[in-house]
Amino acid sequence: MSPLKVWTNRLRGLLLQWLLLLSLLSATGSFRSKIFTKHVLRSNLSTSFYVLDDTPGLDRVFDGIGGVSGGGATSRLLVNYPEPYRSEILDYLFKPNFGASLHILKVEIGGDGQTTDGTEPSHMHYKGDENYFRGYEWWLMKEAKKRNPNIKLIGLPWSFPGWIGSGKSWPYDSPSITALYIVSWILGAKKYHNLDIDYIGIWNEKEPYKTYIKILREKLNEKDLNGVKIIANDDHWDPISNYLGLDPRIQNAIDVIGVHYPGTHTLQDALKTNKAIWSTEDCSIFNHEDGGGFWARILNQNYVNGQMTSTIAWNLVSSYYPQLLFERDGLLTAKEPWSGHYAVEAPIWITAHTTQFAQPGWQYLKTVGHLFNGGSCVVLTDGLGNLTIIIETMTHQYSQCRKSRVPFFQVSEQTITFSLQGTFKELTMLQVWYSKLGKKPWNNAFQQLPPLTIIDGTVTLKLGVDELYTLTTITTGQKGSHPIPPESRPFPSNFEDNFNVGNSLFRASPHFADQTGVFEYFTNDQGTGDHTFTLRQMLNQRPITWAEDADQTISIIGDYNWRNLNISCDIYIEKPVTGGIFIAARVNKAGSSIRSAQGLFFWVFADGSYQVTNDLERKMVIRSGSSDTHWGSWYTLILNISNTQVYGLLTHWSGWKWRVGLDSVPPNGWVAIGTKNFEFGQFDNLRIQT
């Protein structure tokens, strides 16, 4: 061996011993940085050395990675997918060692109100009303559990049914009633679906109410739900961290501090509470390469910078109509149940880099943090000798979020060497999984590379930019796949629904997306001729809102690009004197912007009048007059739009028609149905032709 090589090996050994000493000092408190012993020394070969050692003890417990279903009816269209495509989508999300392999599913506890891209139905529309089969979240939780029995379930309300607040837009008028309402949802999940809810939240992104938190804990314990943990406050850091320091009952009631979009940083007062800290809503990104890069970065740096032990993406699956708010923000896109088309996007495989190789209950090593030339690394172990190292080098370009701009930072190519000490010293090989963003095609992400051989307890890796590596002892990783799904195609140009499904499993008609109010399948007990099974708007009171619900109920359907079409629908006004119902076309807004929606709205009222308006709020009336309609009878409304004009027809005992121009009507938009204010109303035999 040459003298130069001998000298180099001796120097390398001294460097590694020095780094090991520093890591031991870190454990004893003499070196308390929560980042690697980084850039302590760089060799002439531009290699940075990092010690991975469990001898000083381990750090926080890893609680898992998850996704949010709801928080705006974001999974609305998923349930309508035909098989086998629906099951394939669920495999990519939940099946262990297949795709995203999520550890956590967080669902909206439906409260009948608009929560970003639609409404989700409550299990109790009215006091004394209970139905634990409304909506799709029960089904989704069961499908997730079917694939991964160990997945953790979280429930969180965004809105509440109106009866809880005694007519006020405030759910804490009687905190005991609200707590029992939430407890009933948890009990119903177990009784009717055999689902154990692991965590429960307070009120999404609203100021927490101390008295309610304490009462909720009491009511949970009274129903033997001591194991259900409370997360608060699903918003910013304050005031929960202050509450915990000032009130022992709050300290005992809350198990997890949950924050939204923390930017990878934690409030120091939150760390002092010694509670688990989670980013309970994060990401909010397009599910393409930029979004994938942001997701890769925060999955590491939420812990590196903020010691957050769980990160949950909003949203789970982009399964809502295009042109709604935050289109394609899901880990996966599935917005065409009529075609069966879906797209497995970059964030699925970014997630797999962590979820397939570390499980809840594993622990972080104390030596985790930023790399010398940018990027970050986290290291986890199961305490039984297994080791997983996740490295990201995302650049500023591929690390942007819709919610906030990420401050500029730099990343460059680098070579890193890990020295494995303690339990890991005898390891001889690590499996390697690799993704590169910023280079087409991104679907080459999550590729298994040849294993890395560990020589004398060290392993060296050359890193480029916008790369993601997982080095692990776990050998069960897999890039799962299903056959290519059908090609994308538009919503059917000829659509009919007679709502004769009766007692549907999900209570809702396929493809309708409720924006204000709740529209459910309904059976007329008395039977009314051809209208035994109908679609009914079920709310008679404004919910306790989270977003800006309209004063009129409305549900949309179809293709936002629709222009010229013919719509017919049977309608039934249930409210005497002041009741009213509409059908509409070219509706141009929905979601949280629903109040300002414009289009062509054809209204008939129980007082025998009609209106044609170009807005939902009826501020801009194009035409009005007598229609001879009243409550308690069925009528057929017809709306026909051509390039230059629109006419409406109401058929009952005699034909009657009106005609207007299109000067003030949007050029395209969805079809919609709805009622005046919050009132019961029924629909049947909908037909749309374009």
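Only the coordinates and a few stated rules stand behind these numbers; no lab work does. Small disclaimer: the values here were computed from a predicted structure and weren't measured. Using ideal geometry, Cβ is built from the backbone for each residue, glycine included, and neighbour counts are taken over all protein chains shown.
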1/(1 + (r/R0)^6) with r = Cβ-Cβ of Asp525 and Ser176, R0 = 45 Å, i.e. FRET efficiency to nearest 0.05, evaluates to 0.85
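Using 1/(1 + (r/R0)^6) with R0 = 41 angstrom and r between the beta carbons of Trp139 and Val61, what's the FRET efficiency to the nearest 0.05? Each step should come with its number before you reach the end.
Numbers: r = 31 Å, r/R0 = 0.75.
With a Förster radius of 41 Å, E is 0.85.
For the chain, calculate the relative contact order in percent as a whole number, restricting contacts to Cα pairs under 8 Å that are 6 or more residues apart.
14
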Expected sort for Leu105, Leu420 with the fewest Cβ neighbours (10 Å cutoff) up front is Leu420, Leu105
Filtered hits (lysines, Cα-Cα < 26 Å from Lys479, offset >= 8 within chain) -> Lys95, Lys106, Lys142, Lys145, Lys146, Lys152, Lys335, Lys436, Lys439, Lys440, Lys462
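Quick one: Ile202, Ile557, fewest Cβ neighbours within 10 Å first, how do they rank? Kindly include the intermediate steps, with their values, before the conclusion.
Working: Ile202 25, Ile557 21.
Ranked by crowding around the Cβ, least crowded first: Ile557, Ile202.
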Residues whose modelled amide H sits under 5 Å from the amide H of Trp656, counting only those 5 or more places away in sequence or on another chain, are Leu650
Final fewest-first order of Thr116, Thr476, Thr417 on the 10 Å Cβ neighbour count is Thr476, Thr417, Thr116
Number of Lys pairs in the range 494-689 closer than 19 Å at Cα, excluding neighbours under 8 places apart unless interchain, is 4
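In percent, what relative contact order does the range 218-345 have, based on Cα pairs under 8 Å that are 6 or more apart in sequence? Don't skip to the end; give the middle numbers.
Details: 214 pairs, mean separation 23.5, N = 128.
For the range 218-345, the relative contact order is 18 percent.
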DSSP beta bridges in the range 63-356: the antiparallel percent, rounded to 5, is 10
For the range 63-356, averaging the sequence separation of alpha carbon pairs under 8 Å that lie six or more residues apart and dividing by its residue count, the contact order in percent is 21
FRET efficiency (Glu617, Lys168; Cβ distance; R0 25 Å; to 0.05) is 0.65
Using alpha carbon centers only, the range 477-501 is separated from the range 337-366 by a whole-angstrom value of 23
In order over the range 293-302: 3J(HN,Hα) from phi, Karplus 6.51/-1.76/1.60, θ = phi - 60°, whole Hz, x for each Gly or Pro, gives x, 4, 4, 4, 5, 6, 4, 8, 7, 4
For Ile583, the residues 5 or more places away or on another chain with a placed amide H closer than 5 Å to its own amide H are Phe602
Listed by chain and number, the lysines with an alpha carbon less than 18 angstrom from that of Lys425, same-chain partners under 8 positions apart left out, are Lys366
With Cα coordinates, the longest principal axis of the chain makes an angle with the long axis of helix 85-94, in degrees rounded to 10, of 40
Computed ³J(HN,Hα) along the range 560-569: with the Karplus parameters 6.51/-1.76/1.60, θ = phi - 60°, integer Hz and x for glycine or proline, the list is 4, 8, 4, 10, 9, 6, 10, 10, 9, 7
Applied in sequence order to the range 56-69, the curve 6.51 cos²θ - 1.76 cosθ + 1.60 (Karplus, θ = phi - 60°) yields integer Hz couplings, x standing for Gly and Pro, of x, x, 10, 9, 5, 7, 6, 9, x, 10, x, x, 9, 9
Between the alpha carbon centres of the range 412-465 and the range 171-242 the gap in Å comes to 43
